[in-house]
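Encoded as structure tokens, the structure appears first; notes follow it.
The values are calculated or read from the model by the stated rules, or taken from the named source; none is laboratory data. None of these values were measured; they are calculated from a predicted model. Neighbour counts are summed over all protein chains in view; Cβ atoms, including those assigned to glycine, are modelled from backbone coordinates with ideal geometry. Heavy atoms of the whole protein, side chains included, go into the accessibility calculation; ligands, DNA and RNA do not. Shrake-Rupley method; radii C 1.70, N 1.55, O 1.52, S 1.80 Å.
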Amino acid sequence: MQRILRVVAFAVVGFAVSAGMVHAVTDGSGDPVAVKSDDGKWSDKDGNPTFKIEADGTVDWYTYVGFTRYSAECLRCHGPDGMGSTYAPALIDSMKRLSYTDFYAIVAGGKKDVSASQDLVMPAEGENKNVMCFVDAIYAYLRARGDDAMGRGRPQNHAPKPAFYAKDVEQCMG
Ligand code: HEC
């Protein structure tokens with residue numbers, strides 16, 4: 001009996017270890033492969049925003065916009081390139097765990113870690129158009145960073161601005 005239990009325990013641990021390894025290379029929204037483009041805005045098979053990076057490193061327009069918006073709105077707390085600071089977590093790690101829905105809810109509604117010894121506050125950005133009009137682009141950028149699909153810094157090349165981009169932004173910004 002004990003011997004059987006030991007075999008079972010071994011199998012369970014083995015499974016957990018291999019599942020853990022799979023998890024390390026995936027992201028919180030699952031497979032990030034871009035399957036559909038809506039005027040240059042890419043989504044994965046589940047309809048979540050994602051990135052599209054060519055073999056020569058050229059990033060899609062929205063991922064590029066995500067980099068610039070991240071740098072303007074999030075970097076001061078979350079550090080350059082999503083790598084974290086002493087105050088706020090490294091979002092490149094958070095992306096491995098958070099789904100698009102989780103991400104959206106936290107950005108719009110904020111988050112406060114009441115158990116921490118210091119007060120850690122993620123501000124609710126739901127009313128901030130400079131964030132919310134670009135939340136999918138920021139997500140696509142951080143997803144690419146979390147999946148190691150792009151390196152640090154400003155992307156050197158990006159796809160051209162889609163035809164309706166300026167109008168869409170204008171409409172959202174009101
Ligand atoms: C004023 C500082 C500040 C700004 C600006 C800020 N954040 Fe945060 N953010 C935080 C802090 C602090 C936390 C951790 C809160 C906690 O643990 O309760 C956090 C947490 C998060 C989380 C959850 C991370 C996790 O692992 O659960 C996400 C996602 C996030 N921020 C995204 C963003 C994005 C995207 C932006 C820019 C649009 C942004 N934040 C701007 C301070 C900030």
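Segment 2-173 gives an Rg/Rh value of 1.06, both radii derived from C-alpha positions and Rh following Kirkwood. Close Lys pairs in the chain, defined as Cα atoms under 14 Å apart and 8 or more places apart or on different chains, number 4. Karplus-based coupling profile of segment 162-174, in residue order and whole Hz: x, 3, 9, 4, 4, 5, 4, 5, 4, 5, 5, 6, x, with θ = phi - 60° in 6.51 cos²θ - 1.76 cosθ + 1.60 and x standing for Gly or Pro.
Residue-wise HN-Hα couplings along segment 117-124, as the Karplus relation 6.51 cos²θ - 1.76 cosθ + 1.60 with θ = phi - 60° gives them from phi, are 5, 9, 7, 9, 10, 8, x, 6 Hz; Gly and Pro carry x.
Given a 1.4 Å probe and every protein chain left where it sits, what share in percent of the accessible area of the chain is carbon and sulfur? In the chain, the share of accessible area belonging to carbon and sulfur is 58 percent.
With protein chains left intact and a 1.4 Å probe, residues in the chain average 60 Å² of accessible area per residue. Contact order, relative form, for segment 44-115: 15 percent (alpha carbon pairs under 8 Å, 6 or more residues apart, mean separation divided by residue count).
Dipole check for the chain: with +1 at the C-beta of Lys and Arg, -1 at the C-beta of Asp and Glu, and the Cα centre as origin, the magnitude is about 440 Debye. Each residue of segment 30-39 was assigned a 3J(HN,Hα) from its phi angle through the Karplus expression (A = 6.51, B = -1.76, C = 1.60, θ = phi - 60°), giving x, 4, x, 4, 6, 10, 9, 10, 10, 6 Hz with x at Gly and Pro. Per residue, the chain reaches -13500 deg cm²/dmol at 222 nm when only DSSP H runs of four or more residues are counted, each adding -39500 (n - 2.57).
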